[in-house]
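K.L.:
The structure follows.
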Amino acid sequence: MSKNVNIDWGNLGFNYIKTDLRYVSTWKDGNWDNGNLVEDNKLAISEASTALHYGQQCFEGLKAYRTKENKIQLFRPDQNSKRLNNSCKRLLMPEVPEEKFIDACKQVVKANEHFVPPYGTGATLYLRPMVIGVGDNMGVKPAPEYIFCVFCVPVGPYFKGKMAPVNFMIADYDRAAPQGTGAQKVGGNYAASLYPHLLAVKRGFADCIYLDPATHTKIEEVGAANFFGITKDNKFITPKSPSILPSITKYSLLYIAKEYLKMDVEERDVLIDNISEFKEAGACGTAAVITAIGGIEYKENLHVFHSETEVGPITKKLYDTLCGIQIGEVEAPEGWIYEV
Ligand SMILES: Cc1ncc(COP(=O)(O)O)c(C=O)c1O
């Protein structure tokens with residue numbers, strides 16, 4: 001670490017901290033400019049930007065990890081690049097070439113190296129890439145200009161102490177329409193989730209689970225994370241649907257379950273009326289890696305999986321293996337790790 005920063009690494013949460021430099025590139029007249037690192041953390045954009053009025057924007061989230069050898073590495077940024085471009089396509093925004101995306105992420109990590117938490121703290125450097133429609137525009141149509149920006153903040157581990165299960169309730173709302181934008185990481189999905197999240201928290205749950213918007217019979221997402229369950233005969237099951245955001249953590253766990261833990265894996269419908277098929281269940285995503293699901297409330301009944309207080313053994317093994325890969329302690333499959 002080159003510079004010293006005054007951060008209590010052990011007590012970081014998931015809060016905004018202004019780091020030194022962020023990457024900004026502008027698209028105009030059909031091309032992205034080269035982009036550069038800037039100190040200013042304020043974007044000056046037109047009051048008529050489509051990102052502000054029509055939600056023409058998308059974002060990503062990924063982390064940089066410091067290893068025991070004091071190297072810094074990114075976990076599968078190529079997958080975030082693909083997902084960002086898929087979101088861009090859906091909202092008629094220009095795609096960001098993968099090379100440019102990964103280079104921007106690396107530049108931001110390098111320029112803020114002293115904000116990458118030390119190995120062993122469980123804390124990481126969270127990167128937030130985004131593409132927003134800007135420029136002067138009034139009608140509902142694509143923006144004349146775009147900004148691609150990547151900033152970073154050091155964040156704490158999701159679980160400060162021991163990993164503990166939490167309970168969820170089934171939402172009375174949908175987060176996505178059947179042929180809508182559920183599979184893209186666009187801001188509107190998150191704006192729509194704030195109210196159901198608040199209702200769940202008010203009732204003492206960690207968050208809500210969204211069922212499929214067409215029939216409300218199948219599990220889709222657990223708050224802003226994907227669902228997985230372990231069946232009584234040790235299969236790793238995760239829902240398949242065009243309105244789920246394809247979680248990079250989920251597909252990594254699926255691979256780990258199959259190749260490292262030698263489990264059978266399946267992507268298929270997960271019926272809410274059949275959740276007793278699972279002995280363990282979890283929510284997965286970049287923020288927490290895995291949050292074990294203690295129980296799910298559905299129709300006034302709390303269904304408990306492994307336990308409301310203890311994490312199941314397979315969930316724990318999946319968690320330890322993926323975290324080990326991310327911090328360089330477990331050998332990663334080829335192409336998963338990008339050294340900065
Ligand atoms: C709605 C939603 N589902 C799932 C995920 C998990 O995706 P990932 O594992 O790529 O972080 C996220 C977070 O990005 C999310 O916002």
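The values are calculated or read from the model by the stated rules, or taken from the named source; none is laboratory data. Being a predicted model, the structure only gives us computed values, none of them experimental. As a convention, Cβ positions derive from the backbone with ideal geometry for all residues, glycine included, and neighbour counts pool all protein chains shown.
K.L.:
Identify, please: which residue in the stretch 284-315 is hydroxyl-bearing (Ser, Thr, Tyr) and part of a strand (DSSP E or B) and is, among those, farthest from the ligand (Cβ to nearest atom)? Write out each step before concluding.
P.N.:
So in the stretch 284-315, the residues hydroxyl-bearing (Ser, Thr, Tyr) come out as 286, 291, 298, 307, 309, 315.
Those left that are additionally part of a strand (DSSP E or B): 291, 298.
On the way: THR291: 11, TYR298: 20 Å.
Selected residue: TYR298.
K.L.:
Could you list all residues from the stretch 136-165 that are under 30 Å from ALA292 (Cβ atoms), within 16 Å of the ligand (Cβ to nearest atom) and in a strand (DSSP E or B)?
P.N.:
Across the stretch 136-165, the qualifying residues are CYS152, VAL153, VAL155.
K.L.:
Now for a separate question. Answer yes or no as to whether ASP78 is acidic (Asp, Glu) and over 20 Å from the mean Cα position of the chain (by Cα).
P.N.:
Judged against the criteria, ASP78 is not a match.
K.L.:
Related question: Taking the options LYS258, LYS250, name whichever one is crowded, with 22+ Cβ neighbours inside 10 Å, assigned by TED's automatic domain parsing to the domain that holds GLY312 and out of contact with any helix residue (DSSP H, G or I) (no Cβ under 9 Å at 6 or more places or on another chain). Walk me through how you get there before you give the answer.
P.N.:
Numbers: LYS258 fails: crowded, with 22+ Cβ neighbours inside 10 Å.
The unique qualifying residue is LYS250.
K.L.:
May I pose another question? What are the residues in the stretch 172-191 that are under 19 Å from GLY285 (Cα atoms) and either among the aliphatic types (A, V, I, L, M) or in contact with a strand residue (DSSP E or B) (Cβ under 7 Å, 6 or more places away or on another chain) (or both), if any?
P.N.:
Of everything in the stretch 172-191, those that are under 19 Å from GLY285 (Cα atoms) and either among the aliphatic types (A, V, I, L, M) or in contact with a strand residue (DSSP E or B) (Cβ under 7 Å, 6 or more places away or on another chain) (or both) turn out to be ARG175, ALA176, ALA183, GLN184, LYS185, VAL186, GLY187, ALA191.
K.L.:
Another question about this same structure. Scan the stretch 58-72 and give yes if some residue there is within 20 Å of ASN34 (Cα to Cα) and either in contact with a Phe, Trp or Tyr (Cβ under 7 Å, 6 or more places away or on another chain) or away from the ligand (no atom under 16 Å from the Cβ) (or both), otherwise no.
P.N.:
No, the conditions are met nowhere in the stretch 58-72.
K.L.:
In the stretch 227-249, how many are more than 20 Å from the chain's Cα centre (by Cα) and in a loop (DSSP other than H, G, I, E, B)?
P.N.:
3
K.L.:
Follow-up. If you go through the stretch 128-146 one residue at a time, do you hit one that is within 30 Å of ASN4 (Cα to Cα) and surrounded by fewer than 18 Cβ atoms within 10 Å (Cβ to Cβ)?
P.N.:
Here is the first cut: in the stretch 128-146, the ones within 30 Å of ASN4 (Cα to Cα) are 128-130.
Next, only the ones that are surrounded by fewer than 18 Cβ atoms within 10 Å (Cβ to Cβ) stay: 128.
Yes, because at least one residue in the stretch 128-146 is within 30 Å of ASN4 (Cα to Cα) and surrounded by fewer than 18 Cβ atoms within 10 Å (Cβ to Cβ).
K.L.:
Here's another thing I want to ask about it. Would you confirm, using the coordinates I've provided, whether VAL131 is outside any strand (DSSP E or B) and either under 21 Å from ARG22 (Cα atoms) or assigned by TED's automatic domain parsing to the domain that holds ALA288 (or both)? Give the derivation first.
P.N.:
Values: outside any strand (DSSP E or B): no; either under 21 Å from ARG22 (Cα atoms) or assigned by TED's automatic domain parsing to the domain that holds ALA288 (or both): yes.
So VAL131 does not fit the description; no.
K.L.:
Counting only residues that are in contact (Cβ under 8 Å) with a residue 24 or more places away in the chain, in contact with a helix residue (DSSP H, G or I) (Cβ under 8 Å, 6 or more places away or on another chain) and more than 23 Å from THR19 (Cα to Cα), how many does the stretch 68-83 have?
P.N.:
3
K.L.:
Output the residue which, of all residues in the stretch 208-226 that are outside any loop (DSSP other than H, G, I, E, B) and without any contact (Cβ under 8 Å) to a residue 60 or more places away in the chain, is surrounded by the fewest Cβ atoms within 10 Å (Cβ to Cβ). Full working, then the answer.
P.N.:
Initially, the stretch 208-226 is screened for residues outside any loop (DSSP other than H, G, I, E, B), giving 208-211, 218-222, 225-226.
Still in the list and also without any contact (Cβ under 8 Å) to a residue 60 or more places away in the chain: 208, 210, 218-221, 226.
On the way: CYS208: 26, TYR210: 24, LYS218: 20, ILE219: 28, GLU220: 24, GLU221: 28, ASN226: 24.
Step by step, filter the stretch 208-226, then rank; the result is LYS218.
K.L.:
Using the structure shown, decide if PRO165 is crowded, with 22+ Cβ neighbours inside 10 Å and not aromatic (Phe, Trp, Tyr). Steps first, please.
P.N.:
Numbers: crowded, with 22+ Cβ neighbours inside 10 Å: yes; not aromatic (Phe, Trp, Tyr): yes.
When the stated conditions are applied, PRO165 passes them.
K.L.:
Then there's this: Being within 16 Å of ALA51 (Cβ to Cβ) and in a loop (DSSP other than H, G, I, E, B) is the filter; apply it to the stretch 166-193 and report the residue that is nearest to the ligand (Cβ to nearest atom). Even if it seems obvious, please write down each step before you answer.
P.N.:
Applying the first criterion (within 16 Å of ALA51 (Cβ to Cβ)) to the stretch 166-193 yields 181, 184-191.
Narrowing further to those that are in a loop (DSSP other than H, G, I, E, B): 181, 184-185.
Details: THR181: 11, GLN184: 10, LYS185: 6 Å.
Per the criteria, the residue is LYS185.
K.L.:
Does ASN112 satisfy the criteria of being within 16 Å of the ligand (Cβ to nearest atom), under 30 Å from GLY328 (Cα atoms) and surrounded by 15 or more Cβ atoms within 10 Å (Cβ to Cβ)? Reasoning before the result, please.
P.N.:
Details: within 16 Å of the ligand (Cβ to nearest atom): no; under 30 Å from GLY328 (Cα atoms): yes; surrounded by 15 or more Cβ atoms within 10 Å (Cβ to Cβ): yes.
Answer is no for this residue.
K.L.:
Among the residues of the stretch 219-235, which ones are among the hydrophobic types (A, V, I, L, M, F, W, C) and more than 16 Å from the ligand (Cβ to nearest atom)? First the steps, then the outcome.
P.N.:
Of the stretch 219-235, the ones among the hydrophobic types (A, V, I, L, M, F, W, C) are 219, 222, 224-225, 227-228, 230.
Passing the criteria: only ILE230.
K.L.:
For the stretch 176-191, which residues satisfy the criterion of being surrounded by 13 or more Cβ atoms within 10 Å (Cβ to Cβ), under 14 Å from GLN56 (Cβ atoms) and not hydroxyl-bearing (Ser, Thr, Tyr)?
P.N.:
GLN184, LYS185, VAL186, GLY187, GLY188, ASN189
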